[in-house]
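J.: Before I ask anything, here is the structure I am working with.
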């Protein structure tokens, strides 16, 4: 096959090269065969395009690149090419076939338009022959050449080599990126494995609704679906029953039972058995059948409305029962603690320590009345809780020998309290245990609260809970029915100057607190003539006077500011000298007598405390006393850690099963669990 190129015209917008070539290689089965005959007739060559009989020529495969081999018979064949010089002018040039180098590669673009014709621009050996002007070409020649050689392209071997190198570099870069991706994936897998090994599958405290650690938002999707299906099935079952569709009613109720059986006590999808999804599909099919047969929008809406009202009534009743049970649990005295008191009291009397204490004078009497020491007042009937307060205070004190604890308890727990601190007394601190019944001056003629507690009206208020309707009727006041309000230990704080006549300052501590720092600096705080030093509890509109007092009563509204900031009992520094000077106990008696009918405030010691120490309370820094560990699960952990005293005020006391697990450790680390009495009564960590 011979490829010949006539004259070509030059377009002003494109550079088009026209080549006339002669090939003496044959393409058979995709291979290039070298000619065997030394001579070839010139008649064997035919033009490639626009020539008669071209269809009879064997076409060269586009997939193979034929190589031009030099033949002396072809040395006089002219090749005409157009090109542009460095000035941009278009030129025509001629070159003999014999002047071409062996690196020229020709391709037939008729078979594959995307193929390239490779022509090295530096292969012209006689450049001087190509100096004819482009002006010699004509428009007719341009059209003729375009018809004969459409879309002929050329590229130099150097450019082809660069393309091959680029392709190789791309391939190498691709391999490098793939390797990097593999390394990254391996690192991520190793990190995930390492994290999974340290991950705790069981979420501690998951029973608490505020715990959402490591929980997926869709962790209970199937469980919710099955519960919703039960509601829908019951609605359709009621409609089926009203329409005498007995079979459908029985079928739906059976499916409800199956759903309930599969759900069981599951709280998430992970707790469901493997058959849960199949049962959900079966229930869906049953609901589809019921919908096709019974669906009535008005009827279904009416049924759902009735179910909603019934559910709301049930929820309201359960809330009241829950409130009552929480209050009941908070009031109860755990059996292990009751056992501890009994064992201690029994040993106290069996060992004859009661007679010994009655005859023997306390050797520490001088320390009990020394105003230069640090004195604490603790009024409690809980032996274990009191021991934690004392232990935590002493262990965090810098000079424990200067700390004196005045513990007052009731007659029932006096022996147990004496026995505990006799065998578990702190090494350096001083402990005084007293019985409130020994304070003969504390009687109904002097104390307003004792007189009111003996009244029939107050007894009826406390004990009317035996009436069947009282729980629901008085649900809002359940927390005020706590037995502690019947105990004078709760109101003894208003008689501190009478209990300790020789002291000038005393720090009052509740039995549900834990001390974490040395409290001695509190005795150096300048209270600026105030009687009570306490931490304020108000936050925006919370814990202000209107929360505790009845401002609809003119006696309250005319004497107090509803927006005044509240404070808390639990850790209070009292200046007993100022107390006596201002007759604080007399103020307390005055307002307590006015509240005999409980119209100024409900029961408790905080409301009368707010009134008694109104404008007489010095606000301490909040870090001294952090409250809420007995009711607030979302306290700031840093504030707890940095607090001098943490307070478990609320129903969730640390010695109860209701306690928050994440707060209990602050209390339990001061409990002597290895004590034989605690082991005997099964008090464990």
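Computed from the coordinates by the stated procedures, all read-outs in this text should not be read as laboratory data. Note that the coordinates shown come from a computational prediction; the quantities given were computed from them, not determined experimentally. No Cβ is skipped: glycine too gets one built from the backbone with ideal geometry, and neighbour counts run over all protein chains shown.
J.: May I ask you to order 336-343, 307-314 by the average number of other C-beta atoms within 10 Å around their residues, highest value first?
T.: Most protected by this proxy first, the peptides run 336-343, 307-314.
J.: Also, quick follow-up: Normalising by the residue count of the stretch 225-330, find the relative contact order in percent from Cα pairs under 8 Å and 6+ residues apart.
T.: After rounding, I find 30 percent.
J.: To continue, here is another question. Does the stretch 333-450 classify as rounded, prolate or oblate by the C-alpha gyration tensor (a ≥ b ≥ c root eigenvalues; a/c under 1.5 gives rounded; else a/b over b/c gives prolate, otherwise oblate)?
T.: rounded
J.: How compact and how long is the stretch 217-376, expressed as Rg and Dmax of its alpha-carbon atoms in Å?
T.: Spelled out, the Cα radius of gyration and Dmax of the stretch 217-376 are 31.2, 91 Å.
J.: Is the stretch 491-535 best put as rounded, prolate or oblate by its Cα gyration tensor, with a ≥ b ≥ c the root eigenvalues, rounded for a/c under 1.5, and otherwise prolate when a/b is larger than b/c, oblate when not?
T.: It is oblate, given that a/c is not under 1.5 and a/b is not larger than b/c.
J.: Right, another one. Once you treat every alpha carbon in the stretch 495-602 as an equal point and sum by Debye, what is log10 I(q)/I(0) at q = 0.12, 0.17, 0.20, 0.23 Å⁻¹?
T.: Here log10 of I(q) over I(0) equals -0.53, -1.03, -1.27, -1.37.
J.: Would you work out if the stretch 561-677 is rounded, prolate or oblate? Take a ≥ b ≥ c from the square roots of the eigenvalues of the alpha-carbon gyration tensor; rounded if a/c is under 1.5, else prolate when a/b is larger than b/c, oblate otherwise.
T.: prolate
J.: For the stretch 553-685, what is the relative contact order in percent, using Cα pairs closer than 8 Å and at least 6 residues apart in sequence?
T.: Numbers: 98 pairs, mean separation 20.9, N = 133.
Once normalised by length, the contact order is 16 percent.
J.: What order, most packed first, do the peptides 376-389, 428-441, 393-406 have when packing is the mean number of other Cβ atoms within 10 Å of each residue?
T.: So the order, starting with the most tightly packed, is 376-389, 393-406, 428-441.
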